[in-house]
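Structure, as structure tokens:
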Amino acid sequence: EPVEVTIGTGVEATGPLQVLGVPGQVNLDYAATAPCARAAADAVAELLPWYGSVHRGAGALSRRSTLAYERARQDVGDFLGVRPDDSVVFTRNTTDALNLLARALPPGTRVVTFAAEHHANLLPWPTGAVRLPVPDSAGAAVRAVDAALRELRRGSGGEAPILVAVTGASNVTGECWPIADLARIAHRHDARIALDAAQLAPHAELDVTALAVDYVAVSGHKLYAPFGIGVLAGRADWLDAAPPYLAGGGATLGVGPATHDVRWVDGPGRHEAGTPNLLGAVALAAVCNALAEADRAALYADEQALLARLRSGLAGLPDVVELRTFAVDAPRVGIVSFVVAGRDSAEVAADLAQHWQIGLRDGLFCAHPLARRLLTEAADRSGRRDLPPTALRASIGLGSTAAHVDRLLAALASLATPR
Ligand code: PMP
């Protein structure tokens with residue numbers, strides 16, 4: 001039986017930022033995939049009757065579609081605060097964007113990242129990438145990157161291009177990383193920095209130019225738009241010099257009879273061969289525009305209040321232990337991972353779904369090195385020997401309410417083993 005969920009105060013965006021949802025279902029899994037915003041749904045509905053092939057075809061539908069696609073590129077770039085000469089490449093998602101960047105690195109590029117990253121920002125990088133241990137504070141992260149870059153510049157890496165690849169906000173803990181400081185350190189060592197903003201962009205304002213970040217990657221489906229659209233934006237030189245990420249129609253200026261006789265376009269089209277995802281691009285741009293027009297500071301403050309309610313509620317449950325890397329009061333977005341001592345996380349998640357209509361994620365969240373390390377740290381910190389080997393994650397965003405949070409807390413209170 002679906003249970004009525006009362007809507008209380010929370011991140012109650014209305015208008016274009018109202019999210020579509022199923023009454024009675026409590027979605028606390030925004031970090032995996034956020035619900036669709038009205039702006040995205042409206043943009044898709046408007047486009048469906050008249051779309052045609054993008055970049056190919058002289059017909060009116062095709063021409064309008066090409067204009068809409070390129071307008072979407074412009075809008076998404078503006079939302080991310082890109083520099084005028086940056087490239088904005090549409091991809092399928094963040095994973096695709098970071099794999100594209102990995103393939104576009106100049107030969108010999110050294111990559112520095114943290115063991116705290118999502119697999120999408122751990123696995124695409126070339127062999128020999130430096131994987132720094134999970135730091136225990138933002139300051140330690142900056143010092144570790146500084147030391148690693150110093151070492152690389154002293155050693156065989158001497159003059160080689162270097163890329164520092166870090167997350168903006170952790171998909172496990174929600175903790176925000178010191179991006180502006182990391183960018184400053186990277187540039188001091190003549191290295192570039194790529195930001196995995198899959199989790200940061202949906203929650204906080206992000207300005208690539210102000211942060212001095214060289215590349216940024218985001219996913220549409222975490223930004224209140226549908227699946228299948230993402231973005232890699234940043235410095236055009238490496239992207240224009242690289243072999244095309246996808247080889248095929250749309251990426252070429254001309255193809256001759258010999259197999260090697262191909263001239264590739266410069267600019268984003270070089271990496272976007274094949275008919276592009278117009279609906280996805282337009283939906284994502286619509287959300288970006290709606291967010292750009294909204295009072296994001298107010299939305300952020302609402303989300304922070306809800307997150308504080310969630311975390312203090314969890315802290316009040318004797319068997320619940322939160323996972324965290326940094327200090328308890330470090331800045332974070334609306335994500336919190338935890339375990340219920342003595343309870344298997346998959347069983348808890350199934351109970352929450354079946355009896356409470358609450359959807360959240362259990363597991364190691366595609367960040368195995370980080371999640372395992374934090375589970376060990378949580379056992380040490382709490383002194384509990386009965387923590388399960390995987391965790392639970394609750395994540396919130398637009399449309400989340402105090403009622404949703406309270407329902408999770410009530411459910412956990414009833415599920416937790418009595419002491
Ligand atoms: N990076 C982070 C920090 C993420 O949270 C995710 C998604 N969980 C990704 C990258 C990958 O995103 P996608 O699955 O949309 O490619």
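The values are calculated or read from the model by the stated rules, or taken from the named source; none is laboratory data. Everything quoted here is computed from the prediction, not taken from an experiment. For neighbour counting, all protein chains shown are included, and Cβ atoms are generated from backbone atoms with ideal geometry for every residue, glycine included.
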When residue 240 is evaluated against the numbered criteria (1) in a loop (DSSP other than H, G, I, E, B); (2) touching a residue at least 60 places away in the same chain (Cβ under 8 Å); (3) not polar (S, T, N, Q), which criterion, by number, is the only one it fails? (1)
Requiring at least 1 residues that are touching a residue at least 60 places away in the same chain (Cβ under 8 Å) and among the basic types (Lys, Arg), the helices (runs of 4 or more DSSP H) wholly within segment 261-380 are 296-315
Among residues of segment 113-126, those that are surrounded by fewer than 19 Cβ atoms within 10 Å (Cβ to Cβ), within 16 Å of the ligand (Cβ to nearest atom) and without any contact (Cβ under 8 Å) to a residue 60 or more places away in the chain, counted: 1
Looking only at segment 327-346, count every residue that is surrounded by fewer than 15 Cβ atoms within 10 Å (Cβ to Cβ) and touching a Gly at 6+ places or on another chain (Cβ under 8 Å) and tell me the total. 1
Just for segment 127-177: of the residues that are part of a helix (DSSP H, G or I) and among the basic types (Lys, Arg), which one is nearest to the ligand (Cβ to nearest atom)? 143
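Say whether the condition of being more than 21 Å from the chain's Cα centre (by Cα), buried (at least 24 other Cβ atoms within 10 Å of the Cβ) and assigned to a helix (DSSP H, G or I) is met by at least one residue in segment 216-226. Walk me through it before giving the result.
The initial filter retains those residues of segment 216-226 that are more than 21 Å from the chain's Cα centre (by Cα), namely none.
No: segment 216-226 contains no residue that is more than 21 Å from the chain's Cα centre (by Cα), buried (at least 24 other Cβ atoms within 10 Å of the Cβ) and assigned to a helix (DSSP H, G or I).
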Give segment 246-270 a look and list any residue that's touching a Ser or Thr at 6+ places or on another chain (Cβ under 8 Å) and under 25 Å from residue 78 (Cβ atoms), or say none. 250, 265, 267, 268
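Hey, can you tell me all the residues within segment 205-224 that are more than 9 Å from the ligand (Cβ to nearest atom) and touching a strand residue (DSSP E or B) at 6+ places or on another chain (Cβ under 6 Å)? Explain how you work it out, then say what you get.
Residues of segment 205-224 that are more than 9 Å from the ligand (Cβ to nearest atom), as a first pass: 205-216, 223-224.
Once the filter is applied, which keeps residues that are more than 9 Å from the ligand (Cβ to nearest atom) and touching a strand residue (DSSP E or B) at 6+ places or on another chain (Cβ under 6 Å), segment 205-224 yields 208, 213, 214, 215, 216, 224.
Out of the residues in segment 132-151 that are among the charged types (D, E, K, R) and in contact (Cβ under 8 Å) with a residue 24 or more places away in the chain, which is farthest from residue 168 (Cα to Cα)?
Initial filter on segment 132-151 (among the charged types (D, E, K, R)): 136, 143, 146, 150-151.
Adding the requirement that they be in contact (Cβ under 8 Å) with a residue 24 or more places away in the chain leaves 136, 146, 150.
Numbers: 136: 16, 146: 18, 150: 23 Å.
This residue is 150.
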Does any residue in segment 207-218 that is assigned by TED's automatic domain parsing to the domain that holds residue 180 come within less than 6 Å, Cβ to Cβ, of a residue that is assigned to a loop (DSSP other than H, G, I, E, B) and among the basic types (Lys, Arg) six or more places away or on a different chain, and which pairs are these? 209/83; 214/235
Which condition breaks for residue 108 when tested against (1) touching a residue at least 24 places away in the same chain (Cβ under 8 Å); (2) at negative phi; (3) more than 16 Å from the ligand (Cβ to nearest atom)? (2)
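Quick test for you: out of 184, 150, pick the one residue that is closer than 18 Å to residue 131 by Cβ and assigned by TED's automatic domain parsing to the domain that holds residue 235.
Numbers: 184 fails: closer than 18 Å to residue 131 by Cβ.
Just a single option satisfies the conditions, and that option is 150.
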Kindly provide the set of residues from segment 321-358 that are within 15 Å of the ligand (Cβ to nearest atom) and either on the phi > 0 side of the Ramachandran plot or among the small types (Gly, Ala, Ser) (or both), ordered by number. 334, 337
Looking at 83, 103 in this structure, which one is outside any strand (DSSP E or B) and away from the ligand (no atom under 16 Å from the Cβ)? 83
Of (1) more than 15 Å from the ligand (Cβ to nearest atom); (2) closer than 16 Å to residue 233 by Cβ; (3) in contact (Cβ under 8 Å) with a residue 24 or more places away in the chain, residue 68 satisfies every one except (2)
Determine which single condition residue 311 fails, assuming it passes every other condition in (1) surrounded by fewer than 19 Cβ atoms within 10 Å (Cβ to Cβ); (2) at pLDDT 95 or above; (3) charged (D, E, K, R). (1)
From 34, 13, 43, 39, grab the single residue that is modelled with pLDDT of 95 or more, touching a strand residue (DSSP E or B) at 6+ places or on another chain (Cβ under 8 Å) and not hydroxyl-bearing (Ser, Thr, Tyr). 34
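Can you tell which of 183, 233 is more than 16 Å from the ligand (Cβ to nearest atom), closer than 26 Å to residue 161 by Cβ and touching a residue at least 12 places away in the same chain (Cβ under 8 Å)? Lay out the reasoning, then the answer.
Numbers: 233 fails: more than 16 Å from the ligand (Cβ to nearest atom).
Step by step, each of 183, 233 is checked, and only 183 is more than 16 Å from the ligand (Cβ to nearest atom), closer than 26 Å to residue 161 by Cβ and touching a residue at least 12 places away in the same chain (Cβ under 8 Å).
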